[in-house]
Structures are given as C-alpha cells and as structure tokens.
Amino acid sequence: MSYFSNVAAIRFEGPRSTNPLAFKHYNPDEVVAGKPMRDHLRFAVAYWHALTGTGSDPFGAGTAERDWDRFSGMDLAKARVEAAFELIVKLNVPYFCFHDRDIAPEGDTLRETNRNLDTIVAMIKEHMKSTGVKLLWNTANMFTNPRFVHGAGTTNNADVYAYAAAQVKKGLEVGKELGAENYVFWGGREGYETLLNTNMQLELDNLARLYRMAIDYAKEIGFDAQFLIEPKPKEPTKHQYDFDAATTIAFLQHYGLKDHFKLNLEANHATLAGHTFEHELRVARMHGLLGSLDANQGDLLLGWDTDEFPTDLYATTLTMYEVLQNGGLGRGGINFDAKVRRGSFEPEDLFHAHIAGMDAYAKGLKTAAKLLEDRVLEDAVDRRYASFKEGVGLDIVSGKATLASLEQYALDHDKPIRNVSGRQERLKAVLNDYLLSE
Ligand code: XUL
Ligand code: CO
C-alpha cells in the first residue's frame, strides 16, 4: 500500500534542475566544511505536522487530503506509521520526531493508552530497522488532553502532576526502546494566565522536581539520550515559564540542572519572544547549551506561531553560521516543526514543503561555510573590538583595570573620543553577495 504513489524518491539534481520534486541544494554526500551535508543538517520529519496535522484552524475544519484518514483508532495509527516511513524514506531524511499522542490514540485508561503506545512502538521499531531511519527525539504531549488545563509539571493539581510524571516515565522507556538520540521537554501548558491564582514559586520548584525525576529515571534504565528543553514565550499560556533561551538557562542554573540539559531552539518561538533565531542560538552557544533545532519560520504580519516551512535564506544562513561556529549540533539535528498551509492540502505538498526547507538549510549551510572560510564577518568583528587587544582595553579584559585606574586614564586622555562606523549596511551587502554567488 502506497500513500504517495505519484511521488518517487527525491534526488539531488542541482541548482539548474527544473524538476519541482528534486533537491536543488541539498546534496547529502557533498562535503561542506569538512563533512557531508547530511551530517551537518541531520534533518528530521515532525510526525505531528506531517502525519497527524489536518489543516484545521480556529475558523474551520481540516482540509488535508490524507489517504490514511479512511481509518480510525488503532488502524489509523498503524496506517500513519506506513505513511510516515514512506514519506521519510522518499525524502531521504535520516530522522523523525514524535509526541507519544501523535503515534497512538489514548485509551479509556492509562494502562490501555500505554498498551496502544507499545503496539505502535513495536511497529515503528520494525520500520526503523528495515529502513535505517532513526529517532532524533520523542516527547510527551502534556497539553492536549483537558486534564492539563492548569499545566502538567506546573499544575495546581497533584493528581495531574502524577499523571504527567507517568507519561514522562513511559516516554523515557519508549525513547530507550527506539534508541532516541534526544528527549525533549516543551512546556506546552507550563505557564500561567494570572498571578491572582498562581503560586509561581511552587510551580517552578515542581517543574524542576519533574526534571530531576526524569534525569534519575533515565539513569536508572540506562537511557543515555541528551535531554532538551524547548523555550517558547507564549501560546498556549500567556506567560510560558521557558520564555526564551536566556530565561531557560537561568532556570537550569538556579535549580542545578545545567549539566543535564541543552536547548531545542525553534525559529518561530524565537521571533515570538522578540528575538531572531540566530540570537537564541548565540545565547545558547555561549553557554555551551546549543542542542538541537526546530526549523520553521513565522510571518512578519502575524503574531502567532504559524510554523511555516523555513524558506528565508538570510535566516537559514545566519542560523547555520551559529551552528558551524558551535562545531555542529552534536546529537541534535534540524527537525521540521513546520506545517503546510491550509490551502496546500494535497499529499504532494508535504514533499514540496520539506524540499523547500531542506534546500533552504542546505543553501544556508553552504553560504555560512563560505563566510566563515573567508572570515568575512569574523574579521569585521575582530577589527571592531580591536581596542580591547591593547592598552587600556587589554587592562579591562585582563582584569587589571579598576574604576580608579580607568578614571585616571579618562582624565589623562580627556579629548573628544572618536568612534568608528559599525558598517552595518556594508556587511549586509556582503552577505547578499555571498548568498547570490553560486
Ligand atoms: C509547539 C512546539 C512543539 C514542540 C514539541 O509550539 O514547538 O511541537 O516542538 O512538543
Ligand atoms: Co517545536
């Protein structure tokens, strides 16, 4: 049974190809900056958008035409596994990611829900073995079911907290069973609406306790995945606790959890927080916490998480610039946490969307590698901070300077201070030149 019978395996055909179902820039074997593109990018398909998403929005029902929707219940879950692996293999994507509830339906009891999960996990395991596709990360959906109305790890209801803990425990077992390289915590409803009814201190302490239990349990069962926290500033709650990279890092530091986690950063979450994606990567990188990426993009005209496929070459270039300077993503990867638009409802659109995203990241990688090789931006930045390499600047960065010594310096050099242009427009033009060159 094929769910995408009119699409063949997608191949690299180069920038001059006119075949819409071919890669123009993503050539997995091509070596860039010392290693094949495939190893730099480590792409993943997001199960929830590609297989489970329907294209519904607050104003209308789903539009997506998906052959597997003929089924329901566990039959639907099984059909989706078949479709998932056909899609992933035809796209030549090495990884996928899922929430527990994406892959199997909830039963009437937690026991039944876990049994459903076990059945599908066994099926997925078989497909992983026969195709070589790997699990980049899995996670627990602790936001869709109404029981999580007040949160999961930050709920006011201890019974709900226990349920969430049970879900995380099962998630770690599933991750181990499938050899997941990472395990993600995105705080879907870990936040609050109003302080009038919220004990923020208890909620944050409890969230840290849940993370601590997860660390302990993973160790106990020998699941050695990298733990990732995915920041997001708002949506669904007004104040999400893991607002952005800096906030999440402060949380990890405060609770002594920093050595156990890295960050899974998402482009559209960055822009919702008022940051560029590269800003978030830089902050994480400075702390040694750049773990993995959820690739997508928002819309300048819309203030919510639109999760569009990433096509903005400036953004992918500056993102890969940070990734390369980080020495890569390690066990992380680039997961397309992105959905086709409601109007792009044909199965084929799933291919066009992923091809667009993969090509945009491949082009970004190549451009970033060239920029770094030529030290274009690095030299400009070095020159800009040259005053800290000698004299009073060197005294400052080496810790020799005091307020008194700097006052003496300022008094001795009391003449109009000359600044140098930041040359921003020139640098943007250089970036354009690099993007436009083959
Ligand atoms: C929601 C989001 C999630 C996480 C995983 O905005 O990004 O899908 O990536 O729970
Ligand atoms: Co995400």
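Nothing in this text is a laboratory measurement; each read-out follows from the coordinates by a stated rule. Predicted model, so just to flag it, every value in this text is computed and none were measured. Quick reminder, even Gly has a Cβ in these numbers, built from the backbone with ideal geometry, and neighbours come from all protein chains shown.
Remark: relative contact order (the chain) = 15 percent; criterion is Cα-Cα distance under 8 angstrom and separation of 6 or more residues. Each part gets one Cα centre, and for region 104-166 versus region 296-323 those centres are 29 Å apart. Rounded to the nearest 20, the Cβ-based charge dipole of the chain about its Cα centre (Lys and Arg +1, Asp and Glu -1) stands at 560 debye.
Can you bin region 171-330 into rounded, prolate or oblate? Criterion: square roots of the alpha carbon gyration tensor eigenvalues sorted a ≥ b ≥ c, rounded for a/c under 1.5, prolate for a/b above b/c, oblate for the rest. Oblate, because a/c is 1.5 or more while a/b does not exceed b/c.
Assuming charge only on the beta carbon of Lys and Arg (+1) and of Asp and Glu (-1), the dipole of region 188-322 about its Cα centre is about 440 debye to the nearest 20. The residue list G399, H413, Y385 was ranked by how far each Cα lies along the charge dipole of region 377-436 toward its positive end, using unit charges on Cβ atoms, and Y385 comes out on top.
Among Y95, Y409, the order by Cβ neighbours within 10 angstrom, fewest to most, reads Y409, Y95. Beyond 23 Å in Cα-Cα separation lie the following of the pairs K169/K219; K176/K238; K90/K370; K78/K170; K78/K339; K90/K176: K176/K238; K90/K370; K90/K176.
Oblate is the label for the chain, because a/c, from the alpha-carbon gyration tensor with a ≥ b ≥ c as root eigenvalues, is 1.5 or above and a/b does not exceed b/c. When each of the peptides 99-110, 289-300 is scored by how many other beta carbons lie within 10 Å of its residues on average, the order from highest to lowest is 289-300, 99-110. Of interest is the spacing of the C-alpha centroids, which for region 367-438 and region 196-264 amounts to 36 Å. Angle of helix 424-436 to the longest C-alpha principal axis of the chain, folded into 0 to 90 degrees and rounded to 10: 50°. Neighbours of D224, meaning other residues whose beta-carbon lies under 10 angstrom from its beta-carbon, give a summed charge of +2 when Lys and Arg score +1 and Asp and Glu score -1. To the nearest ten degrees, helix 245-254 and the longest principal axis of the Cα atoms of the chain are 90 degrees apart.
Coupling constants for region 84-94 follow from the phi torsions by the Karplus curve (6.51 cos²θ - 1.76 cosθ + 1.60, θ = phi - 60°), and in residue order they are 4, 6, 5, 4, 5, 5, 5, 7, 6, 9, x Hz; glycine and proline get x. Once the Cα atoms are used to define both axes, helix 200-221 deviates from the longest principal axis of the chain by about 70 degrees.
Taking the average, over residues, of other Cβ atoms within 10 Å as the packing measure, peptides 266-272, 278-284, 243-249 rank 266-272, 278-284, 243-249 from highest down.
Between the residues N197, L172, F336, the greatest Cα displacement towards the positive end of the dipole of region 11-374, with unit charges on the Cβ of Lys, Arg, Asp and Glu, is found for L172. Using just the C-alpha positions of region 377-436 as equal point scatterers, what log10 of I(q)/I(0) does the Debye formula give at each q in 0.13, 0.15, 0.27 1/Å? These q points yield log10 I(q)/I(0) values of -0.52, -0.62, -1.14. For the peptides 330-337, 344-351, the ranking by mean Cβ contacts within 10 Å, running from highest to lowest, is 330-337, 344-351. Pairs of alpha-carbon atoms within less than 8 angstrom and 6+ residues apart define the contacts here; what relative contact order does region 176-254 have, in percent? Computed over region 176-254, the figure is 44 percent. Panel order for E177, E203, E65, by other beta carbons found within 10 Å of each beta carbon, from fewest to most: E65, E177, E203. The residues R16, R38, R115, when put in order of fewest to most other Cβ atoms within 10 Å, stand as R16, R115, R38.
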